[in-house]
Amino acid sequence: MGSGAEAIFDQALTNGLAAVVSAEWGEAAATEKDGRRVKSAAALLDVVKEKAQEDQEEPGVFVIPDPAPPPAPNESLRSVWPWEGAESLALDTRIHVIVLRSGIKSTQPVRHASVRGGLQREHIEALLALDHHNSLGTLGGEHADCAWEGTEADDRAARARAFALLLRLGDEEASNRAERASELHPSYHPKHNPDSLELQDCPICGYTAFGPDHGDEHGMGIGVGQCLVCHYERTADVAAEEAEKLLFQLRWADD
């Protein structure tokens, strides 16, 4: 862990536990008797241990049930929203009290200038598990946003490279490559190439020369592969995003 990680862990744990305890059992349960100071992380874990239900199969883990468990699978929704009919799991909050107490204990020597102690991976994972609670629930969204921003940046770079290549090729060479595309792209075969799609229009050069290795994960026919003219490459993440946009359009068109 880097310098200062122990103090950050302690603050994050205290704030996270305070949010969970306040949401579940009221603000008074998360504050000292004067009502102005938030209890320490250790004291907040005492509240969790007192009020939450301990997992009988995993002692030391206390469970706060998901207040809105997922509905039963609905097969009728699969045709428009493939994921809506799928079975989902309740997002219970599992608070690893023993592990978090160990984390608190391990930060003390380091925070007080001793060389002993130090955080371990299990302490960080137990801290992150608090984010499942409805009062928090922010890290997953932030991670997804960061991941998609990276995907968008990579796709913009791929488009720029493809456009630059197209300019260097010129119309005649680009046209020749487009004519040869059908010879280079492996056609569909039920046994030897069952995932292949037909050539598609490339969003960069416009030629019907985009060779998909397979389709998007939602089955909307958005190809994942590379153009045989300008070499624009569409990744699985980009294809999934485009497919989801089509699904939304279909949904709203039916309303």
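Points to keep in mind about this one:
- Annotation note: of 99, 110, the sole residue that is open to solvent by less than 80 Å² (accessible area, probe 1.4 Å), in contact with a helix residue (DSSP H, G or I) (Cβ under 6 Å, 6 or more places away or on another chain) and modelled with pLDDT of 80 or more is 99.
- Qualifying positions in the stretch 152-189 - in a loop (DSSP other than H, G, I, E, B), out of contact with any Gly (no Cβ under 6 Å at 6 or more places or on another chain) and open to solvent by less than 90 Å² (accessible area, probe 1.4 Å): 186, 187
- Residues of the stretch 14-51 that are hydrophobic (A, V, I, L, M, F, W, C) and without any contact (Cβ under 8 Å) to a residue 40 or more places away in the chain: 18, 21, 25, 28, 29, 30, 38, 43, 44, 47.
- Taking helices (runs of 4 or more DSSP H) as the structural unit, those lying wholly within the stretch 1-65 and holding at least 3 residues that are under 13 Å from residue 133 (Cβ atoms) correspond to 5-25.
- Complete set of residues in the stretch 220-241 that are more than 17 Å from residue 198 (Cβ to Cβ) and of a type outside the set (Val, Ile, Thr): 230, 231, 232, 233, 236, 237, 240, 241
- Selected residue (only one of 86, 72 is open to solvent by 50 Å² or more (accessible area, probe 1.4 Å) and at pLDDT below 75): 72
The values are calculated or read from the model by the stated rules, or taken from the named source; none is laboratory data. It should be emphasised that the depicted structure is a prediction, and the values quoted were computed from it without experimental measurement. Don't worry about glycine lacking a Cβ; one is built from the backbone with ideal geometry, like all the others, and counts go over all protein chains shown. The accessibility values were calculated without ligands, DNA or RNA, using every heavy atom of the protein model including side chains. Shrake-Rupley method; radii C 1.70, N 1.55, O 1.52, S 1.80 Å.
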